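J.: Have a look at this one.
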Amino acid sequence: MKFFGKSQEATTEPTKEQVLDALRTVIEPDLHRDIVTLQMVKNVAVCGGVARFTIELTTPACPLKKQMEDESRTAILKIPGMKEVTVEFSANVTSRMGVDRPALAGIKNVIAITSGKGGVGKSTCTVNLATALAQTGARVGLLDCDVYGPDIPTMMGIHEKPEGTADRKFIPPERYHVKSMSIGYLVEEDAPVVWRGPMLHKVIEQFLKDVAWGELDYLLVDMPPGTGDAQLSLSQLVPLTGAVIVTTPQDVALVDVKKAIGMFGQVKVPVLGIVENMAGFTCSHCGHLEQIFGEGGGDKLAAKFNIPVLGRVPLDPKVRVGGDSGAPIVVSDPSSPQSATFRDIAGKLCQIISIKNATLAASDSLAVLE
Ligand SMILES: Nc1ncnc2c1ncn2[C@@H]1O[C@H](COP(=O)(O)OP(=O)(O)O)[C@@H](O)[C@H]1O
Ligand SMILES: [Mg+2]
């Protein structure tokens with residue numbers, strides 16, 4: 001009998017139900033529920049001790065990918081007779097568009113990249129984050145709302161005028177898999193641009209509505225510095241997913257950041273995180289890290305306002321050269337530590353957006369149930 005029992009066990013092939021049961025033990029670390037209940041498991045196929053399935057993420061930039069893959073594999077390989085597991089990934093980026101206010105057709109998340117003052121590296125961060133996101137497979141747009149000093153054409157290396165569609169929309173030029181739009185594509189490079197509030201509002205409205213963006217997971221918006229008309233217009237025109245604030249660690253920059261946080265609070269736009277740019281300079285000769293602009297400023301702010309620091313980008317001539325030459329460092333030197341930092345920041349940002357979208361969606365359905 002014993003012998004019979006054993007041989008029967010050995011010839012029983014693992015089933016799809018066993019795989020799903022195993023995956024019910026894998027917890028999504030941010031949402032604290034198992035990946036089957038969260039309906040992230042798709043296309044499960046089991047044949048001859050070989051399992052294959054897809055984890056559908058809420059962002060292709062998910063930093064938890066590897067962890068979930070490893071835990072899934074370990075859980076499935078515990079099933080008797082299981083020999084091999086192939087985990088694939090897909091992504092269906094979540095959105096809150098249309099819940100609070102009318103959606104911007106086809107655009108799932110709009111993120112304003114802003115700073116208290118100019119010259120802190122806001123455009124540099126926007127370009128690198130957009131490109132890093134596109135490298136993960138996300139559909140990304142980049143809108144230059146800094147109409148006073150549009151730097152996106154130079155930083156993305158785009159100098160041609162956008163073409164138009166039959167229904168008179170601009171086709172945003174695409175480079176590094178990022179679709180972008182800038183006033184710099186439309187006016188001569190050295191022409192002075194003087195915008196007053198109502199005109200500026202109209203231009204931003206056109207950038208959002210009269211550009212054939214198509215389907216986008218993330219639209220990153222490079223804002224002018226400060227807390228002026230552009231910030232107000234954007235927040236009135238579109239339900240912003242949130243804002244990212246770029247700052248240098250020095251004190252004056254931080255004072256300006258506090259103002260920006262206050263302003264976004266007033267228009268009910270959540271601040272998703274802080275990027276500390278120009279955080280130290282590594283000497284290329286001796287490797288010493290010099291804190292040119294002080295240190296820890298972002299941390300102090302983060303603690304005070306309960307906003308996470310998404311990352312710190314050191315001063316590095318390669319970052320500047322990338323911007324000047326129209327090839328962001330994540331493209332021109334993807335293996336550099338600075339590029340890794342930008343990819344890391346992009347992942348954290350999307351993670352925060354996914355959690356926000358999931359939490360808000362959950363509280364919505366609760367409200368409906370009540
Ligand atoms: N981490 C960095 N290392 C070196 N240079 C940088 C870095 N970040 C930005 N820069 C450079 O500093 C200048 C200002 O950056 P920019 O992105 O245009 O700032 P902002 O958009 O906030 O005005 C640019 O010349 C840019 O190339
Ligand atoms: Mg700029």
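J.: Can you sort R24, R343 so the residue with the fewest Cβ neighbours within 10 Å comes first?
T.: Listing R24, R343 from fewest to most nearby Cβ atoms yields R24, R343.
J.: How high is the relative contact order of region 110-353, in percent, with contacts defined as C-alpha pairs under 8 Å that are six or more residues apart?
T.: Details: 489 pairs, mean separation 64.2, N = 244.
Computed over region 110-353, the figure is 26 percent.
J.: Going highest first, how would you order 217-225, 255-263 by mean Cβ packing within 10 Å?
T.: Highest-to-lowest ranking by the protection proxy: 217-225, 255-263.
J.: For region 2-91, what's the relative contact order in percent, using C-alpha pairs closer than 8 Å and at least 6 residues apart?
T.: Working: 125 pairs, mean separation 29.4, N = 90.
Result for region 2-91 is 33 percent.
J.: I'd like the distance separating the alpha-carbon centroids of region 254-329 and region 105-140, in whole Å.
T.: The two parts, judged by their Cα centres, are 14 Å apart.
J.: May I ask you to derive the FRET efficiency for T359 and E56 from their Cβ-Cβ distance with R0 = 22 Å, giving the value to the nearest 0.05? Before the final figure, lay out the partial values.
T.: Values: r = 19 Å, r/R0 = 0.84.
The calculated FRET efficiency here is 0.75.
J.: Ok, one more. Output the 0 to 90 degree angle, nearest 10, between the alpha-carbon long axis of helix 65-77 and the longest principal axis computed from the alpha carbons of the chain.
T.: Between helix and principal axis, roughly 0 degrees.
J.: Would you calculate, for the chain, the mean residue ellipticity at 222 nm contributed by helices, counting each DSSP H stretch of 4 or more residues as -39,500 (n - 2.57) and dividing by all residues, to the nearest 500?
T.: -12000 deg cm²/dmol
J.: Moving on to the next point. What is the angle, in °, between the Cα long axis of helix 337-369 and the longest principal axis of the Cα atoms in the chain? Nearest 10 is fine, range 0 to 90.
T.: With both axes taken from Cα atoms, the answer is about 70 degrees.
J.: Of the DSSP beta bridges with both residues in region 2-91, give the percent that are antiparallel, rounding to the nearest 5.
T.: Antiparallel bridges: around 45 percent, rounded to the nearest 5.
J.: State to the nearest 20 debye the size of the charge dipole of the chain about its Cα centre, where the only charges are +1 on K and R beta carbons and -1 on D and E beta carbons.
T.: Taking the Cα centre of the chain as origin, the dipole is about 680 debye.
J.: Using alpha carbon centroids, what distance separates region 202-242 and region 12-37, in Å?
T.: If you average the Cα positions of each part, the centres end up 40 Å apart.
J.: Additional query: Based only on Cα atoms, what Rg/Rh ratio does region 2-91 have, Rh being taken as Kirkwood's radius?
T.: With Rh from the inverse mean 1/r over Cα pairs, Rg/Rh is 1.04.
J.: Could you work out the local net charge near R139, counting Lys and Arg as +1, Asp and Glu as -1, over the other residues with Cβ closer than 10 Å to its Cβ? Mind dumping the intermediate values first?
T.: Values: positive: K108, K179; negative: E215, D217.
It works out to a net charge of 0.
J.: Roughly how many debye, to the nearest 20, is the charge dipole of region 2-91 about its Cα centre, given +1 on each Lys and Arg Cβ, -1 on each Asp and Glu Cβ, and no other charges? Write out the running numbers ahead of the final one.
T.: Working: 12 positive and 13 negative charges, 54 e Å.
Using only the charged Cβ atoms, the result is roughly 260 debye.
J.: Taking every DSSP beta bridge with both residues inside the chain, roughly what % is antiparallel (nearest 5)?
T.: On the way: 12 of 50 bridges.
The antiparallel fraction comes to roughly 25 percent.
J.: So how far apart, in nm, are the two label points at V44 and E290 if each is 7 Å from Cα heading toward Cβ?
T.: 5.9 nm
J.: Evaluated at 25 °C with a viscosity of 0.890 mPa s, what Stokes-Einstein diffusion coefficient in µm²/s does the chain have when Rh comes from the Kirkwood expression over alpha-carbon pairs? Write out the running numbers ahead of the final one.
T.: Working: Rh = 22.4 Å.
In µm²/s, the coefficient rounds to 109.
J.: Between C125, G297, Q135, whose Cα lies farthest towards the positive end of the dipole of region 110-353 when Lys and Arg beta carbons carry +1 and Asp and Glu beta carbons carry -1, centred on the Cα centre?
T.: Looking along the dipole axis, the top candidate is G297.
J.: Follow-up question, since we're still on this one. Length gain on complete extension for the stretch T86 to D167, per 0.36 nm per residue less the alpha carbon to alpha carbon distance?
T.: 24.6 nm
J.: What number comes out for the charge environment of P63, summing +1 per Lys or Arg and -1 per Asp or Glu over other residues with Cβ under 11 Å away?
T.: +2
J.: Tell me which trypsin sites (Lys or Arg not before Pro) from region 51-110 have a DSSP coil assignment and no more than 16 other beta carbons within 10 Å of their own. Could the numbers behind the result be given before it?
T.: Details: sites: R52, K65, K66, R73, K78, K83, R96, K108; in loops: K78, K83, R96, K108.
Listed in order of number, the matching sites are K78, K83.
J.: So for region 23-150: antiparallel DSSP bridges make up what percent, rounded to the nearest 5?
T.: Values: 7 of 15 bridges.
Bridges in region 23-150 are about 45 percent antiparallel.
Values quoted throughout were computed directly from the atomic coordinates according to the rules given, and no laboratory measurement underlies them. As the structure is a prediction and not an experimental result, all values here were calculated from the model. Cβ coordinates were reconstructed from backbone atoms using ideal geometry, including for glycine residues, and neighbour counts include every protein chain displayed.
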